[in-house]
1. Given a Förster radius of 25 Å and the C-beta distance between Leu149 and Lys42 as r, what FRET efficiency does 1/(1 + (r/R0)^6) yield to the nearest 0.05?
2. Place +1 on the Cβ of every Lys and Arg and -1 on the Cβ of every Asp and Glu in segment 1-159, take the dipole about the Cα centre, and give the residue among Ile86, Leu115, Leu7 whose Cα lies farthest towards its positive end.
3. Percentage of Cα-Cα pair distances in segment 39-166 greater than 21 Å, rounded to whole percent?
4. For segment 81-166, what is the charge dipole size about the Cα centre, in debye to the nearest 20, if Lys and Arg each add +1 at the Cβ and Asp and Glu each add -1 at the Cβ?
5. Mind checking segment 1-70 for GluC sites (Glu not before Pro) that DSSP puts in a loop (not H, G, I, E or B) and that have at most 10 other Cβ atoms within 10 Å?
6. Roughly how big is the chain's charge dipole about its Cα centre, with Cβ charges of +1 (Lys, Arg) and -1 (Asp, Glu), in debye to the nearest 20?
7. Read phi for every residue in segment 20-35 and hand back ³J(HN,Hα) as whole Hz from Karplus 6.51 cos²θ - 1.76 cosθ + 1.60, θ = phi - 60°, with x for Gly and Pro.
8. Could you give the Stokes-Einstein D for segment 115-166 in µm² per second, using the C-alpha Kirkwood radius, 20 °C, 1.002 mPa s?
Amino acid sequence: MGDAVDLVLAQWARERPDVDVWPMGVVGRISRLSRLLDLRLKEFFAERGLERWEFDVLATLRRSGPPYELTAGALNRAAMITSGAITNRIDRMAKRGLVERVPDEADRRSVRVRLTDQGWETVEALVGPHTENEALLLSALNPRERDRLASTLRTLLESLGDTSLD
């Protein structure tokens, strides 16, 4: 049995045997896996009344520690989206009562985004079920395979410049 990428590789091998297409196997599988995981996570959060990006913002604020707030710029870097997009997202989450904007005491020109009580309760209620869902998505791998995959993906991400945000 093979996956959809095996078919693509076999077709290229037949049509262009002179080209070593092994990179397509890796990149194609990572791309397909990313889409499948995104779909499953989107479904998981939709069933709980959230967008995936909303959970990402809530989780980023929650794991930042007390007082559970960051500048919009720090949230922007963590989410890897445009500043306009983060402003729009914060606006939408503030309207839902999940976050609030508070003046930055150190820089009066800046605003910090803080979890509200409702936002804190939301992320607290979801972090356990979310990790259980992710474990289910990875259940085809044994612990050694998971560790090896995580290490390999870390190496690849670092080689492409995706390192610590600090």
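Coordinate-derived values only; no laboratory data. Predicted model, so just to flag it, every value in this text is computed and none were measured. All Cβ positions, glycine included, derive from the backbone under ideal geometry; neighbour counts span all protein chains shown.
1. On the way: r = 22 Å, r/R0 = 0.88.
Calculated value: 0.70.
2. About the Cα centre, the residue reaching furthest to the positive side is Ile86.
3. Details: 4033 of 8128 pairs.
The share of Cα pairs beyond 21 Å in segment 39-166 comes to 50 percent.
4. On the way: 13 positive and 15 negative charges, 61 e Å.
Rounded to the nearest 20 debye, it is 300 debye.
5. Details: sites: Glu15, Glu43, Glu47, Glu51, Glu54, Glu69; in loops: Glu47, Glu51.
Sparse-neighbourhood loop GluC sites (Glu not before Pro): Glu47.
6. Numbers: 25 positive and 27 negative charges, 52 e Å.
With Lys and Arg at +1 and Asp and Glu at -1, about 240 debye.
7. Whole-Hz 3J(HN,Hα) from phi for segment 20-35: 7, 9, 3, x, 4, x, 6, 5, x, 5, 4, 5, 5, 4, 4, 5.
8. Numbers: Rh = 13.5 Å.
Using the Kirkwood radius from Cα pairs, D works out to 158 µm²/s.
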